[in-house]
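Please treat every number below as a calculation from the coordinates, not as lab data. Please read all numbers here as calculations on a predicted model, not as lab measurements. A quick note on method: Cβ atoms are made from the backbone with ideal geometry, for glycine too, and the neighbour counts reach across all protein chains shown.
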Amino acid sequence: MKVLVIGGGAREHALCRSLSQDSAVTELYCAPGNAGIAQVATVHPVDQLDGAQVAALARRLDADLVVVGPEAPLVAGVSDAVRAAGIPVFGPSGKAAQLEGSKAFAKDVMAAAGVPTARSYVCATPAEAAEALDAFGAPYVVKDDGLAAGKGVVVTSDREAALAHAASCERVVIEEYLDGPEVSLFAITDGTTVLPLQPAQDFKRALDGDEGPNTGGMGAYSPLPWAPEGLVEEVLETVLQPTVDELRRRGTEFSGLLYAGLALTSRGTRVIEFNARFGDPETQVVLARLRTPLAAVLHASATGALDQLEPLRWDDGAAVTVVIASEGYPAAPRTGDVIEGLADAEAADGTAFVLHAGTRADEDGRVLSAGGRVLSVTATGTDLAEARGRAYAAVDRISLKGGQHRTDIALKAAR
Ligand code: AMP
């Protein structure tokens, strides 16, 4: 199978790494990729938001499968263009990706499907926003209706700050605050059959102790030893399957990866948000534990054949990933700094490896930071404590001027 992956972050590096280890994959391409991905796949430049360009590249490479990683190309309809060219694609249509692209659309689908989520109002004016804030009380949750790369949500007890965020967005969803720990559960679907993966937890805040601003994600781990038994089955039955069925009923069939961001509240499991693609950095730890070769699973999603797949096989151990971000991330990341120690950080037995997020190689072959999140240092082990120890040992061998990382990823869960 010749596979083309679209995107250039650590999620795509994780996907490419797994695909490169799959003997069914004869050629692996990534566009645009990054310096790390270039070590396992042939990279091609592309405007990843341009469906015609992506489809033309896939045709030129004679790809048997295109895997669209990030949300922006999905919402822009890149999958539709590839599908129209007759090439199987892993990733929902632009219309179905509205499940992530519009919080209001997601709320509407959940209401119709009876999926448990926070009560909410869609507000278009300051007066409506003020009324909704007062209806729920503090802490306030204000979400930009559109795509905002993980930065569109403000959770605050400061009513003025909540109002200011609402005023800065065209349309917002204001909802009740959900307490309780968060879980990310991914499922692969072909529009009918839904195959849940293993749950993971990510760390959204920039600083230790969940302090500081929201980010795209500073680390993740899997499995969740504290999660209630039967969680995956419950979420499949009450969230994932009804959502996929409702979208099919509307004629907006969703295939690809359905990501449920969940809060395990005192009143039961609630959906915080849906995403239409693999989460970053949870993908790094989920794929590190997946034993089933990846290509056939993604291809079955793309071709409506998931019901014919054997059950997925998982490693019983654990995986932890720690994100190294640039100085100034998330507000004003500094780029262009040299990264050293990458080879030293990797374990010869594959138990620790470095996935690149925002990196590029310069003319001298040095690897430079090229984005806010720079690296996703990942390790596996028999349990979380071992995986965590290996991940942080690897982090310690890497140097990036001004680089920052959290020191408490998976700490509580590993105890
Ligand atoms: P989202 O982009 O919707 O995942 O929101 C980003 C983060 O904001 C989530 O991971 C939560 O930590 C927090 N958040 C979102 N919605 C709520 C809510 N209704 N109650 C409490 N926290 C929330």
Hey, how many Å between the Cα centroid of the range 198-261 and the Cα centroid of the range 271-337? 11
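Using a 10 Å cut-off on Cβ atoms, rank the peptides 407-414, 251-258 from the highest mean neighbour count down. Display every interim value, and only then the final one.
Details: 407-414: 18.4, 251-258: 22.6.
Order by mean packing, descending: 251-258, 407-414.
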Using the per-residue mean of other Cβ atoms lying within 10 Å as a proxy for protection, in what order, highest first, do the peptides 80-89, 340-349, 317-326 fall? 317-326, 80-89, 340-349
If you rank 226, 314 by fewest surrounding Cβ atoms within 10 Å, what's the result? 226, 314
What order do you get for 22, 47 when you list them from fewest to most C-beta neighbours inside 10 Å? 47, 22
Residue-normalised 222 nm signal for the chain, counting each DSSP H run of n ≥ 4 as -39,500 (n - 2.57), nearest 500 deg cm²/dmol, is -8000 deg cm²/dmol
The answer for the net charge of residues other than residue 69 whose Cβ lies under 15 angstrom from its Cβ, with Lys and Arg +1 and Asp and Glu -1, is -2
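If you average 1/r across every pair of different Cα atoms in the range 11-142 and take the reciprocal, what Kirkwood value do you get, in Å? Provide the component values of the computation, followed by the final result.
Details: mean 1/r = 0.0578 Å⁻¹.
The answer is 17.3 Å.
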With the chain treated as a Gaussian network of Cα nodes joined by springs under 10 Å, which of 243, 269, 156 yields the largest mean-square fluctuation? 156
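If Lys and Arg each add +1 and Asp and Glu each add -1, what is the summed charge of the other residues whose beta carbon sits under 10 Å from the beta carbon of residue 137? Display every interim value, and only then the final one.
Details: positive: 159; negative: 134, 176.
Charge balance in the 10 Å sphere: -1.
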Hydrodynamic radius by Kirkwood for the chain, inverse mean 1/r across distinct Cα pairs, in Å, is 21.5
Got a sec? How would 23, 102, 93, 184 order by Cβ neighbour count within 10 Å, fewest to most? 23, 102, 93, 184
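So how strong a dipole does the range 196-288 carry about its Cα centre when Lys and Arg Cβ are +1 and Asp and Glu Cβ are -1, to the nearest 20 debye?
Values: 8 positive and 14 negative charges, 61 e Å.
For the range 196-288, the charge dipole is close to 300 debye.
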Just tell me which aspartates and glutamates come within less than 19 Å, Cα to Cα, of residue 95; anything on the same chain fewer than 8 places away is out. 50, 71, 80, 108, 144, 145, 190, 245, 246, 253, 273
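Translational diffusion coefficient, Stokes-Einstein: compute it for the range 76-174 using the Kirkwood radius over C-alpha pairs as Rh, at 25 °C and 0.890 mPa s, and state it as an integer in µm² s⁻¹.
So the translational diffusion coefficient is about 166 µm²/s.
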Find the all-direction average of the projected area of the Cα convex hull for the range 290-399, expressing the result in square nanometres with one decimal place. 9.4
To make sure I understand the rule: partners must be lysines, Cα under 24 Å from the Cα of residue 412, and not fewer than 8 residues away in the same chain. Which ones qualify? 204
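Using packing as a proxy for protection, rank 49-61, 29-41 so that the peptide with the highest average count of other Cβ atoms within 10 Å comes first. Could you put the intermediate results ahead of the total?
Values: 49-61: 18.0, 29-41: 22.7.
Order by mean packing, descending: 29-41, 49-61.
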Considering only 402, 106, 82, whose Cα is most displaced toward the positive end of the charge dipole of the chain, charges sitting on Cβ of Lys, Arg (+1) and Asp, Glu (-1)? 82
Give or take rounding to whole Å, what are the principal axis extents of the alpha carbon atoms in the range 211-276, in descending order? 42, 28, 22
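What per residue convex hull volume, in Å³, comes out for the range 221-337 when only alpha-carbon positions are used? Mind dumping the intermediate values first?
Values: hull volume 21.9 nm³, N = 117.
Given the Cα convex hull of the range 221-337, per-residue volume reads 187 Å³.
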Tell me the net charge near residue 339. Cut-off is 12 Å between Cβ atoms, residue 339 excluded, with +1 for each Lys or Arg and -1 for each Asp or Glu. 0
Find the relative contact order for the chain and round it to a whole percent, using C-alpha pairs within less than 8 Å whose residues are 6+ positions apart. 16
Residue 30's amide H: which non-local residues (gap 5+, or another chain) put their own amide H closer than 5 Å, with H modeled 1.01 Å from N in plane and none for Pro or chain starts? 5, 42, 43, 44
Sort all Cα-Cα distances of the range 162-221 into consecutive 5 angstrom bins from zero, then give the percent of pairs in each bin up to the one containing the longest distance. 4, 13, 13, 18, 18, 18, 10, 5, 1
Per-residue HN-Hα couplings for the range 220-228, Karplus 6.51 cos²θ - 1.76 cosθ + 1.60 at θ = phi - 60°, whole Hz, x for Gly and Pro? 6, 8, 7, x, 10, x, 8, 5, x
